[in-house]
Amino acid sequence: MPTISQDGPPDLRLPRVPTTTEQFHAFDSQHSWVYRALKQLVEHNYTALYARRLLAAHPEWASAIHRGPPPAQPVNGSTQPSSTP
């Protein structure tokens, strides 16, 4: 009966799994219509109302949905607006 010989330890490396971002770019390159469709869906006066409806149905999404304008950035380390003479 023949025996199996091996020169070294078996290769135990796992195959590399693409990151979520890499998977997204692969999907997006094959389905560019999705972006265009989503953009059309939110280009109207009801965007805020749809965002509220989504948050009501999916409160776990709250951290992913931006609410309101971003906070003001400090100027030169100050939280007060700069004044010009």
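Apply 1/(1 + (r/R0)^6) to the Cβ-Cβ distance of His58 and Leu12, taking R0 = 35 Å, and write down the FRET efficiency to the nearest 0.05.
Details: r = 40 Å, r/R0 = 1.15.
My answer for the efficiency is 0.30.
Determine the gain in length on full extension of the stretch Ala48-Thr19; use 0.36 nm per residue of separation and subtract their C-alpha separation, reporting nm with one decimal.
Working: separation 29, 0.36 × 29 = 10.44 nm, distance 3.11 nm.
So the extension gain works out to 7.3 nm.
Let me cross-check Leu38: its accessible surface, 1.4 Å probe, with only protein heavy atoms counted, in Å² to the nearest 10?
100
The values are calculated or read from the model by the stated rules, or taken from the named source; none is laboratory data. As the structure is a prediction and not an experimental result, all values here were calculated from the model. Please note: Cβ atoms are built from the backbone with ideal geometry, for glycine as well, and neighbour counts cover all protein chains shown. Calculation scope for accessible area: heavy atoms of the full protein, side chains included, ligands and nucleic acids excluded. Shrake-Rupley method; radii C 1.70, N 1.55, O 1.52, S 1.80 Å.
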